[in-house]
Amino acid sequence: MAGKIKMWYVKQMKTHLRHPQKGLFGWFVTQYLTKRNGFLEENAVRLSNIKPDHHVLEIGFGPGIGLESAYKIIKDGNGKLYGIESSFYMVETASKRLHKALTDKKLMLFHGCASSIPLNTDSVHRVFHCNSYYFWPSMRPVLREIYRVMKPGGVMVTTLCIDNLKKSQKNGFLNKGIADPVKYMVCLENFGFENVHIEYQKDPITGKEFQAIFSEVIEKPAHDKSMFSDDEDDEIEKEVERLFHTGNKNISET
Ligand SMILES: C[S@@+](CC[C@H](N)C(=O)[O-])C[C@H]1O[C@@H](n2cnc3c(N)ncnc32)[C@H](O)[C@@H]1O
């Protein structure tokens, strides 16, 4: 009986971390993301070095803590914020938190998958995301799309807490998707991002430790040539798989 309850709990957590939905577990995950995870969002914004005139995109914004923090920076400038999120419940939750930014027309929230971002090519100066890449259906379409919308000179920051990831993986909350930060970094390099590196950081207020992965788009290939053909892309993904042998290497092994 206890085993069945545990299995049910793990299944609910796995589902709602990947795609929070209205209901008890959706509410619980939202509280967790807001109270325990908010510092990662705030640090992603801090490390992105956002200027008041920047156009900024967050992928998988959840309850909207990071966008709220970024709004404080761009609200008096010419900057704009964009967020894309696949959970409608999270879009609704963040819309309440970010009501002022939305009515000021400084923020647009899109409901959808980050593999199709409704923004112009070369339009965004900064991209950030936290605890999201492990849930993307596949790295390639999302990274290609982020690359497309980023301006040359743009920077992307991803914050995560490897210790918490290990715990989530051990608890069975993350058994699908790519949690391994090294694999994520290899994919970034393979899909055109440069200066990819990880930094070990501390939250300046609480001292909590976390990691930040930085990547840049320095110069893009000429627009009359596509960056990669699909065949070349397939080879790149296969190469990453070959490097790691398994599709889902446990991060405790890194
Ligand atoms: C664990 S939550 C993290 C939310 C928030 N970034 C935070 O750290 O509090 C993961 C979020 O990513 C979103 N997500 C997952 N896959 C996505 C995708 N392909 N495109 C957009 N959002 C996605 C989920 O709906 C969920 O809200």
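Each reported figure results from applying straightforward, stated rules to the coordinates on display, with no laboratory input. These figures come from a predicted structure and were not determined experimentally. Every residue, glycine as well, gets a Cβ built from its backbone with ideal geometry; the counts of neighbours run over all protein chains shown.
Brief remarks on what is shown
- Of all DSSP bridge pairs formed entirely within the chain, close to 40 percent run antiparallel.
- Between residue 138 and residue 24, the distance separating the two model label sites (each 7 Å from Cα on the Cα→Cβ line) works out to 3.7 nm.
- Dipole of the range 37-221 computed with +1 at Lys/Arg Cβ and -1 at Asp/Glu Cβ about the Cα centre; of 91, 159, 174, farthest Cα towards the positive end is 91.
- Along principal axes, Cα extents of the range 37-221, largest first, whole Å: 43, 39, 32
- Simple point charges give the picture: +1 on the Cβ of Lys and Arg, -1 on the Cβ of Asp and Glu, and for the chain a dipole about the Cα centre of about 1440 debye.
- Residues of type lysines that residue 220 reaches as a straight line, Cα spacing below 27 Å, ignoring anything fewer than 8 places off in the same chain: 51, 80, 151, 183, 238
- Our note on the geometry: Cα centres of the range 1-43 and the range 84-130, 21 Å apart.
- Positive dipole terminus of the chain, leading residue within 3, 127, 205 (C-beta point charges): 3
- Only one residue of 12, 82, 43 has its Cα farthest out toward the positive end of the dipole of the chain, where Lys and Arg carry +1 and Asp and Glu -1 on Cβ, and that residue is 12.
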